[in-house]
Amino acid sequence: MAATLEFIDREKSLGNMVLARDILAKYGLTPFLHYGTCLGAVREKDFIPYDDDADFGLFGRDKARFLEAFPELEANGFTVAYIRDDGYEKTLDTADESQNFRMYKLKRNGEELDFFMAFEKRYFFFIRRWDIDGRVAIPWKYLSTLDTLNFLGHDFACPHDPVGFLRTMYGKTWNVPIRNTTSKIGWLTRLKKLKNPGKLFFYVKRFAATAMRKRATKKEFEKGQD
């Protein structure tokens, strides 16, 4: 029997986002809409129907203040499901906080809220980028300042020029509803993953399948617009 997919509970997830935003504001933090939640907020003006969690971004430089907020977050029903760094998942008790963990998955009322860390990167001393979850480096302008976006009746911070940000993260087809699409992965990240030669065929096959799915969905989407 096929597993039953559990999609996001719209009201509970929105409640989690508002509560977390307000708690973190007390610590001088501004979480911003990120990944699929940002994509849904701009494209659907709602959560993506087939998403299964909500996504916030935070700056890696603010990690200490984020951790200071944990007791209040926990007092309000949030629990830490796990922390991830470079694909490895750890619990809060076993994590070495000297590491630059890239994602903290919190849970409340059965719904997950992910916090992804954006780290500043410098290349050749003068080129500035943001490292997004260890996957891709994006132009400095998108997170050097934040905009505000009304999402389901609540104001949230979001990357500057959210459309440009989403095009950078998801490519030219960002505005086409493609199920199970993922954000871009930088070439340096891809090369690191290819330390195991056996994975080369897997990634080539996945890339080809994703490209075919995007082309088919885009064609169907454009046909429906006629």
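The values are calculated or read from the model by the stated rules, or taken from the named source; none is laboratory data. Source: prediction; values computed, not measured. Positions of Cβ are backbone-derived with ideal geometry, glycine not excepted, and every protein chain shown enters the neighbour counts. Accessible surface is based on the protein model in full, side chains and every heavy atom, while ligands, DNA and RNA are left aside. Shrake-Rupley method; radii C 1.70, N 1.55, O 1.52, S 1.80 Å.
Summary table below
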quantity: Inter-residue pairs, beta-carbon under 6 Å, first over 18 Å from residue 59 (Cβ atoms) and in contact (Cβ under 8 Å) with a residue 40 or more places away in the chain and in segment 138-164, second open to solvent by 20 Å² or more (accessible area, probe 1.4 Å) and hydrophobic (A, V, I, L, M, F, W, C), 6+ apart; calculated: 152/14; 154/18
quantity: Counted residues, segment 48-67 - those being part of a strand (DSSP E or B) and within 12 Å of the chain's Cα centre (by Cα); calculated: 5
quantity: Given (1) modelled with pLDDT under 95; (2) in a strand (DSSP E or B), index of the condition residue 150 fails; calculated: (1)
quantity: Residue satisfying all of: in segment 164-195; open to solvent by 100 Å² or more (accessible area, probe 1.4 Å) and assigned to a loop (DSSP other than H, G, I, E, B); modelled with the lowest pLDDT among these; calculated: 195
quantity: Candidate set from segment 27-36 (those that are touching a strand residue (DSSP E or B) at 6+ places or on another chain (Cβ under 8 Å) and either open to solvent by 20 Å² or more (accessible area, probe 1.4 Å) or touching a residue at least 24 places away in the same chain (Cβ under 8 Å) (or both)); member that is nearest to residue 61 (Cα to Cα); calculated: 29
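One line per residue, one yes/no per condition, for (1) over 22 Å from residue 16 (Cβ atoms); (2) modelled with pLDDT of 95 or more; (3) under 14 Å from the mean Cα position of the chain (by Cα); (4) assigned to a strand (DSSP E or B):
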| position | (1), (2), (3), (4) |
| --- | --- |
| 92 | no, no, no, no |
| 96 | yes, no, no, no |
| 99 | yes, no, no, no |
| 117 | no, no, yes, yes |
| 128 | yes, no, no, yes |
| 131 | yes, no, yes, yes |
